[in-house]
Amino acid sequence: MEIRQRVKMSDVARTAGVSVATVSKVVNGRWGVSQSTVDRVQQVIETLGYEASLGAQSLRSHRTHVLGILVAEFEPFSTELLKGASAAADQTDYELLAYAAGTRGSKVGWERRSLARLSGTLIDGAILVTPTVLEAKQGVHVVAIDPHTGPSGMPTIDSDNFAGAQLATNYLLELGHRRIGFIGGRPDLESARLREVGFREAMAAAGVTVDETLVRVGGYRTETAEGPARELLSQANRPTAVFAANDLSAIATVHAANSLGLSVPDDLSVIGFDNVPESAMASPPLTTIKQPLQQMGAEALRLLVDLIAGVERDIHVRLPTELVVRASCRPLR
């Protein structure tokens, strides 16, 4: 595919037979140009496909009408949030810029560095996905989704992780399971802590003691969860069910079970958390707790637009979670 060079204001001026200053007046809506000249310049702009650069636009108006969604990396969780934010942006006069910190995302403060690169010249505000620190450049509107430390002074969107974990645990208990394993998420995330607390409180409410030998840290990634899952399932008195704190960890648990000759759900019930698309495509399809991820992205976008417009509203939004029953769990035999 041939990449066309960027059309410049001078190209528009030359084609329309006017000065660059006249094109600038038309582009910026300033007076002093006849209507016939305005019409001619606008026709050339449309024909050539001229667009003012975001940087130049920002210098003139201090606004770019672009919002950023900043992530450490693009993975199933952040991709679903992006879909929701993109759909919500279509209902506004803002465009959406998705930016990944790449390898820098594994370091504390990645969002601060990303904001420094983009704010002021490229974006008018930003959505930060699971930021490690809750502070932003002064004057930049920011909304955080599922921040590491939970809601604080910064506007935030999250889901009810505690209640969702209770739903998952109670579902396994209702199926008759009592020896239930837990594969937790990242220790630095408040949402992961709440999922473990929800698991433990649901077990306690049912009068079932948590066997600490059945608790592992999976780290929310397939590659970091499969080893702990294998350890869990290799015990002589293995669990009959596992609640994994996210879908990727749950899918890794199923893989570990299969590698050990165990069948899901005949020999082991597995439930996840998030309801990313991969959960429905897993084999067997994964029973999970649904976070309304696309709705969370959309709510973050709408909150950010309201903040920029100066609308007074609640800056902390928590959305409900729900149980999605598929084929990876069965009653204890």
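The values are calculated or read from the model by the stated rules, or taken from the named source; none is laboratory data. What you see is a predicted model, and the numbers here were worked out from it, not measured in a lab. In this analysis, Cβ positions are derived from the backbone assuming ideal geometry, glycine residues included, and neighbour counts consider all displayed protein chains. Surface areas here come from the heavy atoms of the whole protein model, side chains and all, with no ligands, DNA or RNA. Shrake-Rupley method; radii C 1.70, N 1.55, O 1.52, S 1.80 Å.
For region 241-333, which GluC sites (Glu not before Pro) are both in a DSSP coil and crowded by at most 16 other Cβ atoms within 10 Å?
On the way: sites: GLU278, GLU299, GLU312, GLU322; in loops: GLU312.
Taking region 241-333 and a limit of 16 other Cβ atoms within 10 Å, the loop GluC sites (Glu not before Pro) found are GLU312.
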(Q) Could you give each residue of region 76-93 its phi-based ³J(HN,Hα) in whole Hz, using Karplus coefficients 6.51, -1.76, 1.60 with θ = phi - 60°, and x for Gly or Pro? (A) x, 4, 5, 5, 5, 4, 4, 4, x, 5, 5, 5, 5, 5, 4, 8, 10, 9
Q: Using the charge dipole of region 149-298 (Lys, Arg: +1 at Cβ; Asp, Glu: -1 at Cβ; taken about the Cα centre), state which of GLN235, ASN258, TYR220 has its Cα farthest towards the positive end.
A: GLN235
Q. What residues have an amide H closer than 5 Å to that of GLY68, excluding those fewer than 5 places away on the same chain, when H is modeled at 1.01 Å from N in the peptide plane?
A. LEU97, ASP124, GLY125, ALA126, ILE127
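Under 30 Å between alpha carbons: how many lysine pairs meet that in the chain, if sequence neighbours fewer than 8 apart on the same chain are excluded? Write out the running numbers ahead of the final one.
Working: LYS8/LYS25; LYS83/LYS107; LYS83/LYS137; LYS83/LYS290; LYS107/LYS137; LYS107/LYS290.
Number of lysine pairs found: 6.
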Q) Any idea what the relative contact order of region 258-306 is, in percent, if you count C-alpha pairs under 8 Å spaced at least 6 apart? A) 28 percent
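Let me make sure I get this right: for the chain, a, b and c are the square roots of the gyration tensor eigenvalues over alpha carbons, sorted descending. Under 1.5 in a/c it's rounded, otherwise prolate if a/b > b/c, else oblate. Which is it? Before the final figure, lay out the partial values.
Values: a/c = 3.18, a/b = 2.60, b/c = 1.23.
Note, shape of the chain comes out prolate.
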Q | Within the chain: Cβ-based charge dipole about Cα centre, in debye rounded to nearest 20 (Lys, Arg +1; Asp, Glu -1) | A | 760 debye
Q: Taking H placed 1.01 Å from N in the peptide plane, check which residues at least 5 places from VAL242 or on another chain put their amide H under 5 Å from its amide H.
A: GLY181, SER269, VAL270, ILE271
Q. In what order, largest first, do SER24, SER259 sit by accessible area if the probe radius is 1.4 Å?
A. SER259, SER24
Q. Just how large is the dipole of region 288-333 about the Cα centre, in debye to the nearest 20, putting +1 at every Lys and Arg Cβ and -1 at every Asp and Glu Cβ?
A. 520 debye
Q. With the Cα gyration tensor of region 204-321 giving a ≥ b ≥ c as the square roots of its eigenvalues, does the rule (a/c under 1.5 for rounded; else a/b larger than b/c for prolate; else oblate) give rounded, prolate or oblate?
A. prolate
(Q) Can you pull out the trypsin sites (Lys or Arg not before Pro) in region 258-329 whose DSSP state is coil and whose Cβ has at most 15 other Cβ atoms within 10 Å? (A) ARG313
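How long are the semi-axes of the ellipsoid equivalent to region 138-250, from square roots of 5 times the Cα gyration tensor eigenvalues, in whole Å, largest first? Intermediate values should be presented prior to the final figure.
Numbers: eigenvalues 168, 55, 19 Å².
Taking √(5λ) for each eigenvalue gives 29, 17, 10 Å, largest first.
Give the ranking of ASP211, ASP247, ASP314 by solvent-accessible surface, highest area first, calculated with a 1.4 Å probe.
Sorted by accessible area, descending: ASP314, ASP211, ASP247.
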Q. HN-Hα J couplings of region 195-206 from phi, Karplus 6.51/-1.76/1.60, θ = phi - 60°, integer Hz, Gly and Pro as x?
A. 5, 5, 4, x, 4, 5, 6, 5, 5, 4, 5, 8
**Q.** For SER86, net neighbour charge (Lys/Arg +1, Asp/Glu -1) across residues whose Cβ lies under 15 Å away
**A.** -3
Q: Rounded to whole Hz and in sequence order, give me ³J(HN,Hα) for region 247-253 from the Karplus expression 6.51 cos²θ - 1.76 cosθ + 1.60, θ = phi - 60°, writing x for Gly and Pro.
A: 5, 4, 5, 5, 5, 5, 5
